[in-house]
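This report concerns only the one structure given below.
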Amino acid sequence: MIEIFVKRPATTIIFIAIFMVMGLVSIGNLIIEPTPKVELPLITVQTVYAGASPEEIESQILKKIEDEISEVSQIKKIKSDARDSFGIVIIEFDIEADANIKSIEVKDKVEAILNDFPDGADRPIIAKFDPLIQPIATLALSSTKHDLTQVYEYADKKLKSRLSSINGVASVDIFGGREREINIELDNNLLIQNYLSIEDVLAAISRKNLNIPGGSINTTDSKISVRFVGEFANVDEIRNLEVVSREGQVFKLQEIGNVSDSFKEVETMARFNEKEVVGLSVLKLSDGDAIKIVENLKSSLEKVQSELPDGMQLELVVDTTRITLDDTKGTINSIFIGIGLTIAILLTFLGDWRGALIASIVIPTSIISTLFLMDMSSFSINVMTLLAFGTCLGTLIANALIIIENVYKHLKMGKDSQSAAIDGTKEVLLAVMASSGTNLVVFTPLAFMGGVVGKFMLQFGMTVVFATIFSILASVTLTPMLCALLLKDPDTLKGPFPKLAGLVDRLLAWATKQYRWFFDKFMNWPITSIIVLMALFFTIVYPAKRVGNEFLPKSDRDEFKAFILMPDGSPIEKTAQITQQVDEIIRKYPEVVSTLSDIGYDGEERSRITVNLTSATKRKRDYKEIMDDLLPKVSNIPEAEITLTGGSRNASNDGDITINVTGDNFDNMIIASEKMQKIMKDSGYFSSIESSYRIPKMEIQFISEPQKVIRQNLSSSRLGGTIRALVNGNDDAVYKEGGEEYDINVTLAPEFKRNISDFDKFLIHGKDGLIPISSLGKVQVVEASSPLKRRDKERIIQIKAFVVKGVVGAIMGDLGQQFSKAELPQGTKFMFAGQAESQKESQQEMGKAFMLAVILTYMLLVAILNSFVFPVSIGSAILTSFLGSFLMMFYTEQTINIGSMMAIVMVVGLAVNNAILMIEYTQQKLDEGVEIKEALWLGAEEKLKPILMTSIAIIAGTMPQLFMIDKMKSAMGAVLIGGMLGSIFFTYTLVPTIHLVLYRVKEWLSKLLKSNA
């Protein structure tokens, strides 16, 4: 078959061009995204129970839901949160589960217990949940001529729908600003004076504010509809609404209170560069291309800007796709640099620009063709597929160089170009197929790993497999054909490159001569040599113990976030004040480009500041150094707990280390969590520590006396509704204007509800007339319940910590020992959760994939070498090469993470290639009758140049990754480079020695069996 492709170049070109064209077409179909699209089977059950405490939510809602849904199959874990008036249960299923089916099953289970829920609890909302969905862009709308209510109105009624119409946009969420509302603030003194209650005002509004269809009147020519119109036409009508007291007196609403066209109580605020704005977060459709959507958004901004009212300005303040694009461009650049370095290595070793040209054609051909199969598999350009391209570059390089170098060898024998190309390719085809085959057997299992990590690994593993398939295809088609067309006898070459290659050959000849002395020692003292070399290998313990481990390493992504947590019960104004203080400090740093504050994003006591930095290439300090310098300056702000975090691929506030504290007694759990937090603070590892248990805020409780309530012909629901209206307001009524609806909120003016003593003046109509609500029970001030967390039907206290120094894996080990020694209350336990669970799962799955890769590699080598014994000598290069990997990780300060673990699996495929070249050639010589030591020497001598050339080329091709800002990619680069250096060393020391011992053992056993026969 090789002859056909060599002798028919046009056929070969068209054959390869077919895949190239399909690959180029596929480029337009492949979307660019941060991570592979993985549908996580997560279902949420949310319930609102107005007025309920967290403990009531837990006991009356969450526990019932948990008990019922626990019967559903394939549940992995159940997490619950109970807050004031709200509860949520998050059910995580095994990754293999169908989220749609599980959603139906959960819905059926919850609906079966609806009657068990307390009166007043809303119907639970069941929905699928995707934690990976994050806003792809955030815009800020501001104005110099409009107040924040008008800005919010425009954003909500006009701009939101305008942006949602952009192709690929799923929704637009608004935060900050002030939402329009008609506020009626009643004067409690005037109510008492005129024998009125808030119920009278609400009833008056309800009676007036309605339109009622009255049917129709038939005339001889037509049918005319009849409608009663009573809805408010304008705000003045509300002001002039007549309220009638129980004694028959009539008052205009504006006479007993203030009616204003204002805004709702502020719950969220947004600031961009310290200027108050309205924020708009843009979310994409699940299958949308974030890059294209943001490009469309940017191109539409100019037109949208022209449509804005005079004075308004719309700015794109956060673009998450920028990081994705930078990662993509960086990886592509590193691949091109790798190819360029490979060409330089080829010129250095072979001295012929034609060979370098062949490599520069063949390698990109395989990469571009791979895009076709990626498109057919519905893959995307993401961090995993980009890592795959960077990883498999070594194999693409090796296959091309082995064939080109061997063709040169045959040209030196005096053969013509065609014969040299055919014979040279055939001679090393088995070795090429073996080295490529190891890639296939190593990465195919990786693509079918279990768990969540397996879903992410699918695209990584299969992309490497696709690239390897096209590399094999090029090895038997394009590479020999181009060699036949372009390569000439090396002795006829002229210019500087042949001279450089001659110098390299002389250096290799000298190195070979020096190596012969060591080789003879290895052959004369094989057992001793193996013991010494294995002792050298076991020094791996030193770097391995000192290399940290973590799940996902953090990298400089040109931004970080400041999370601010105030004491429970803090008003949003106080949170905004502290946020502004932090913002002012941050903006003094010259590296800061902009800041966006989202105040009240998860309750009034929480805020976050997104800090955009100048490009990492233009900064002298990385984001960690800036955060380390900033932390002491913001830590002294009273009351606030401030967390600085950055470098992650997601925007959540999940801690680097998460600890769940469980136990039989909640008070003991509190004591245990406080002891653990003290240990953590004293350790110096963390910038901040946050506990789910908060010091309870104070609340005023009214406890009614049933007999008194019944005596006044009242009910608990009416009492509770009246208190809610007096304190928080009643917004059941709406005001319609311009086709839009705005809430009408009726409540007491702020000055009448500031103190507990004001409760005595809260009045309601009873049987005895207008009476104080406090006379129907007692008013007390108590501690409110703290928000509660549950995990797998148990109450937990969750501690989140953010690492400022050290590596997560080592810190968890140290903390685990200290916690075990601490005298925690009896019955309390702790477990590391969050990233620790993900890391444990990934390590288990990667371990399985690694073992399967080793087994399949052995089986492949058995098939190629036709021996069950000799693959052991080749396999020894796998294990020993890890010494180089760990040493490189240790000296470059990398960690064992998901990236380095993938590279370790890759080393299995690459490390054996050198040994395969040597041992496969040795076996050829043994078949020719050459003595074992001489055959091993010939294998080592003959293959030194291709082994060094391919290994150095792989190292050079991987070198750009080592210096990338992305820590995952740099960790992969360190493992691969160290592994290849280790492979070179042990291939020329341990492999031939073990092969000699195995050959002698095999011969001895053969003789023994023959003599017994």
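The values are calculated or read from the model by the stated rules, or taken from the named source; none is laboratory data. Predicted, not measured: the structure shown is a model, and the values here were computed from it. When we count neighbours, we look across all protein chains shown, and the Cβ atoms used for this are built from the backbone with ideal geometry, even at glycine. Calculation scope for accessible area: heavy atoms of the full protein, side chains included, ligands and nucleic acids excluded. Shrake-Rupley method; radii C 1.70, N 1.55, O 1.52, S 1.80 Å.
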Worksheet item: Within region 490-504, is even one residue of a type in the set (S, T, N, Q), open to solvent by 20 Å² or more (accessible area, probe 1.4 Å) and assigned to a helix (DSSP H, G or I)?
Response: yes
Item to complete: Could you please find all residues in region 307-356 being part of a strand (DSSP E or B) and either under 14 Å from Gly957 (Cα atoms) or of a type in the set (A, V, I, L, M, F, W, C) (or both)?
Response: Met312, Leu314, Leu316, Val317, Val318
Discussion item. Restricting to region 111-154, count the residues that are of a type outside the set (Phe, Trp, Tyr) and more than 30 Å from the chain's Cα centre (by Cα).
Written reply: 23
Worksheet, complete the sentence: Flagged in region 124-136 as modelled with pLDDT of 90 or more and either open to solvent by 40 Å² or more (accessible area, probe 1.4 Å) or closer than 30 Å to Ser594 by Cα (or both), in numbering order, are Ile125, Ile126
Practice prompt. Looking at (1) within 19 Å of Ser786 (Cβ to Cβ); (2) at pLDDT 90 or above; (3) among the charged types (D, E, K, R), find the lone condition where Arg83 falls short.
Written response: (2)
Worksheet entry | Matching option when the condition is open to solvent by 10 Å² or more (accessible area, probe 1.4 Å) and at pLDDT 85 or above, among Leu879, Leu887, Leu865 | Leu887
Item to complete: Go through region 79-102 and give me each residue that's touching a Lys or Arg at 6+ places or on another chain (Cβ under 8 Å) and either surrounded by 18 or more Cβ atoms within 10 Å (Cβ to Cβ) or part of a strand (DSSP E or B) (or both).
Response: Lys79, Ser80, Asp81, Ala82, Val89, Ile90, Ile91, Glu92, Phe93, Ile95
Practice prompt. Please give the helices (runs of 4 or more DSSP H) falling wholly within region 909-1012 in which 3 or more residues are at pLDDT 90 or above and among the charged types (D, E, K, R).
Written response: 932-942
Discussion item. List the residue pairs whose Cβ atoms are under 7 Å apart, where the first residue sits in region 776-787 and is in contact (Cβ under 8 Å) with a residue 40 or more places away in the chain, the second is surrounded by 11 or more Cβ atoms within 10 Å (Cβ to Cβ) and of a type in the set (Phe, Trp, Tyr), and the two are 6 or more positions apart or on different chains.
Written reply: Gly777/Phe702; Val779/Phe702; Val779/Phe759; Ser786/Tyr693
Item to complete: Write out, first by first residue and then by second, each pair whose Cβ atoms fall under 8 Å of each other, whose residues are 6+ apart or on separate chains, and whose first residue, in region 105-117, is open to solvent by less than 70 Å² (accessible area, probe 1.4 Å) while the second is of a type outside the set (A, V, I, L, M, F, W, C) and assigned to a helix (DSSP H, G or I).
Response: Lys109/Glu68; Val110/Glu68; Ile113/Lys64; Ile113/Glu68; Phe117/Gln60; Phe117/Lys64
Worksheet item: Is it true that some residue in region 29-52 is in contact (Cβ under 8 Å) with a residue 60 or more places away in the chain and in a helix (DSSP H, G or I)?
Response: no
Worksheet item: Mind checking which residues of region 805-822 are over 30 Å from Met627 (Cα atoms) and touching a residue at least 40 places away in the same chain (Cβ under 8 Å)?
Response: Ala822
Worksheet, complete the sentence: Only one of Ser225, Ser216, Ser262, Ser300 is in a strand (DSSP E or B) and open to solvent by less than 60 Å² (accessible area, probe 1.4 Å), namely Ser262
Practice prompt. Hey, can you tell me all the residues within region 280-314 that are free of Cβ contacts under 8 Å to residues at least 12 places away in the same chain and among the basic types (Lys, Arg)?
Written response: Lys303
Discussion item. Residues that are open to solvent by less than 30 Å² (accessible area, probe 1.4 Å), touching a strand residue (DSSP E or B) at 6+ places or on another chain (Cβ under 8 Å) and not assigned by the TED database to the domain that holds Ala388: does region 903-911 have at least one?
Written reply: no
Worksheet, complete the sentence: All-but-one check, Gln923 against (1) of a type outside the set (A, V, I, L, M); (2) within 20 Å of Ile363 (Cβ to Cβ); (3) open to solvent by 10 Å² or more (accessible area, probe 1.4 Å), failing number (2)
Fill in: Residues located in region 753-786, provided they are within 50 Å of the chain's Cα centre (by Cα) and open to solvent by 50 Å² or more (accessible area, probe 1.4 Å)
Lys753, Arg754, Asn755, Ile756, Gln780, Val781, Glu783
Item to complete: Determine the pairs where a residue that is assigned by the TED database to the domain that holds Ala940, located within region 992-1013, has a partner that is modelled with pLDDT of 85 or more and open to solvent by 80 Å² or more (accessible area, probe 1.4 Å) with Cβ atoms under 8 Å apart, the partner being 6 or more residues away or on another chain.
Response: Val997/Ile527
Fill in: Scope region 544-573; condition within 29 Å of Asn897 (Cβ to Cβ), touching a Ser or Thr at 6+ places or on another chain (Cβ under 9 Å) and not in a strand (DSSP E or B); matching residues
Val547, Gly548, Glu550, Phe551, Leu552, Pro553, Lys554, Ser555, Arg557, Asp558
Practice prompt. Name the residue, out of Leu493, Leu458, that is modelled with pLDDT under 85, on the phi < 0 side of the Ramachandran plot and not assigned by the TED database to the domain that holds Val997.
Written response: Leu493
Worksheet item: Only one of (1) surrounded by fewer than 23 Cβ atoms within 10 Å (Cβ to Cβ); (2) in contact with a Gly (Cβ under 7 Å, 6 or more places away or on another chain) is not met by Lys63, so which one is it?
Response: (2)
Worksheet item: Of the residues in region 944-976, how many are open to solvent by 10 Å² or more (accessible area, probe 1.4 Å) and more than 33 Å from the chain's Cα centre (by Cα)?
Response: 4
Response to the item:
Counting only residues in region 165-192 that are polar (S, T, N, Q) and either buried (at least 20 other Cβ atoms within 10 Å of the Cβ) or modelled with pLDDT of 90 or more (or both), the one farthest from Met269 (Cα to Cα) is identified as Asn189
Discussion item. Residues that are closer than 24 Å to Leu503 by Cβ, of a type outside the set (Phe, Trp, Tyr), open to solvent by 10 Å² or more (accessible area, probe 1.4 Å) and in contact (Cβ under 8 Å) with a residue 12 or more places away in the chain: does region 356-371 have at least one?
Written reply: yes
Worksheet item: What number of residues in region 680-719 are under 19 Å from Asp760 (Cα atoms), open to solvent by less than 50 Å² (accessible area, probe 1.4 Å) and assigned to a helix (DSSP H, G or I)?
Response: 2
Worksheet item: In region 313-329, how many residues are surrounded by fewer than 17 Cβ atoms within 10 Å (Cβ to Cβ) and farther than 26 Å from Val277 by Cβ?
Response: 1
Practice prompt. Within region 149-164, identify whether any single residue is modelled with pLDDT under 90 and outside any helix (DSSP H, G or I), and answer yes or no.
Written response: no
Discussion item. For the list (1) open to solvent by 60 Å² or more (accessible area, probe 1.4 Å); (2) out of contact with any strand residue (DSSP E or B) (no Cβ under 8 Å at 6 or more places or on another chain), I need the number of the one condition that Met846 fails.
Written reply: (1)
Worksheet item: In region 144-170, which residues are polar (S, T, N, Q), farther than 16 Å from Tyr742 by Cα and touching a residue at least 60 places away in the same chain (Cβ under 8 Å)?
Response: Thr144, Asn167
